[in-house]
1. In the set 116, 95, 122, 131, which member is more than 21 Å from residue 52 (Cβ to Cβ) and under 17 Å from the mean Cα position of the chain (by Cα)?
2. State whether one or more residues within the range 37-52 are more than 22 Å from the chain's Cα centre (by Cα), surrounded by 21 or more Cβ atoms within 10 Å (Cβ to Cβ) and not in a loop (DSSP other than H, G, I, E, B).
3. Can you tell me which residue in the range 218-263 is nearest to residue 128 (Cα to Cα), limited to those that are assigned to a helix (DSSP H, G or I) and touching a Ser or Thr at 6+ places or on another chain (Cβ under 8 Å)?
4. Would you pick out the residues in the range 210-245 that are among the hydrophobic types (A, V, I, L, M, F, W, C) and at pLDDT 90 or above?
5. List the residue pairs whose Cβ atoms are under 7 Å apart, where the first residue sits in the range 206-230 and is on the phi > 0 side of the Ramachandran plot, the second is open to solvent by 20 Å² or more (accessible area, probe 1.4 Å) and modelled with pLDDT under 90, and the two are 6 or more positions apart or on different chains.
6. Being buried (at least 19 other Cβ atoms within 10 Å of the Cβ) and more than 27 Å from residue 2 (Cα to Cα) is the filter here; which residues of the range 308-326 pass it?
7. Evaluate the range 286-299: report whether one residue or more is in contact with an Asp or Glu (Cβ under 6 Å, 6 or more places away or on another chain) and on the phi < 0 side of the Ramachandran plot.
8. Select the helices (runs of 4 or more DSSP H) contained entirely in the range 105-217, then report the ones holding at least 1 residues which are farther than 30 Å from residue 293 by Cα and open to solvent by 10 Å² or more (accessible area, probe 1.4 Å).
Amino acid sequence: METRQLESTPGFVIYDLPGAQHYVGETRLGSRLIPGNATMLVRHLTYVFATLEQQRSGASIGLKSDPSEAATAVEALASELVDDFATGRLSTSPGLRLDADVLAPVLTHDQRNLIGNDDRDGISFNHELIGVGATAAASSLVGGLDGKRIAVEGFGPAGMGIAREAAAAGAAVVRVATAKGCTGDRIDGGMLDPVALTEAWLADGDMCVATLSGDGEPAKPWTVWRDDVDVLFCGSKPGAMSGDGASMAGATPVVAFSPAAVSSKALAVLRAAGTAVAADFVTAVGPALGWWADPVLTHDDLRSATSDTVNAVMSETAGHPDGPFMAACYRAEAFLRTWQDELPFGRPLG
């Protein structure tokens, strides 16, 4: 993994693999950013591309500026790396403390198919595709979602996508958690309506758990890990599922949907218990499938491609003695060996 210091403004660019066709990752803003905090975000994307057998690499841009200086920093970035952006060698999107308007001088060069940015009833199509991928993986682990109970940790736009897709497949969403708390099974006998979830999130963000809990206070965020459901989805941040959370989950299958959402300790605990874990870099392939898709492909085409891809990987890795997460790692690494002299150090684990 190479870190290049920017010359025109305080900051850096991280490139994961040498010799990649393209480098892709978020641009983040913050005066205290350090490269190490973005390592697993970068590695996650590298494994997404390897899962899709694409010779591309994760990347990340960090602008070490205060929000008040964001526009100046972005202008400098756009000028300094104009050749990389204009040729499509480096593609980025808004990350921490940045939005599309501020990052516009860079985004104007983006040559990817941006169908994933389309609005789909309050969430982006990219978040919808993550929902498609995550629920496909969950269905594979438990033999279909009809009649199953699910909980979603790290509820937000991607979580809305998961709730919608799971409900459409016949599952009951019984708990969602944000950094502000957990719904605690207080609505409609423990079932949450995806429409109500979307409305609550759009109105209140992370505080939606208080709205959804009705007259009661939301439960503590960690209560989402209780093992009284059929599938646990996790995706609030890297390492969202810790060793303690894994111990609470017991034998309940876990589906990660954001970069490195499962910690290395949690994976060890879950593997020791024989608990199946679906890898984040498998469930989140949908947006990457769209980035270089033929412009004539529709939303339905990409939904089908996402589902088919995830189902194929889950089927290929099913029954592996090391579990589906490690089997997905081995699969991705087998492709990496076809074009890299050495494997990158460290798997996408929090």
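The values are calculated or read from the model by the stated rules, or taken from the named source; none is laboratory data. Quick caveat, the model's predicted, so the values are computed rather than measured. FYI the Cβ positions are ideal-geometry reconstructions off the backbone, even for glycines, and counts take in every protein chain you see. For the accessible areas, the whole protein counts, side chains as well, though only heavy atoms, and no ligand, DNA or RNA atoms are used. Shrake-Rupley method; radii C 1.70, N 1.55, O 1.52, S 1.80 Å.
1. 95
2. Initial filter on the range 37-52 (more than 22 Å from the chain's Cα centre (by Cα)): none.
No, the conditions are met nowhere in the range 37-52.
3. Initially, the range 218-263 is screened for residues assigned to a helix (DSSP H, G or I), giving 221-225, 243-249.
Of the ones still in play, those that are also touching a Ser or Thr at 6+ places or on another chain (Cβ under 8 Å) are 221, 243, 246, 249.
Working: 221: 24, 243: 29, 246: 26, 249: 26 Å.
So, considering only residues that are assigned to a helix (DSSP H, G or I) and touching a Ser or Thr at 6+ places or on another chain (Cβ under 8 Å), the one nearest to residue 128 (Cα to Cα) is 221.
4. Taking the range 210-245 as the starting set, the residues that turn out to be among the hydrophobic types (A, V, I, L, M, F, W, C) are 210, 212, 219, 222, 224-225, 229, 231-234, 240-241.
Residues satisfying the conditions are 222, 224, 225, 229, 231, 232, 233, 234, 240, 241.
5. Going by the 7 Å Cβ cut-off, the qualifying pairs are 214/186; 214/187.
6. We begin by selecting, within the range 308-326, every residue buried (at least 19 other Cβ atoms within 10 Å of the Cβ); these are 309-310, 313-314, 317, 323-325.
Of everything in the range 308-326, those that are buried (at least 19 other Cβ atoms within 10 Å of the Cβ) and more than 27 Å from residue 2 (Cα to Cα) turn out to be 309, 310, 313, 314, 317, 323, 324.
7. No: the range 286-299 contains no residue that is in contact with an Asp or Glu (Cβ under 6 Å, 6 or more places away or on another chain) and on the phi < 0 side of the Ramachandran plot.
8. On the way: elements: 125-142, 157-168, 194-204, 208-212.
Per the criteria, 125-142, 194-204, 208-212.
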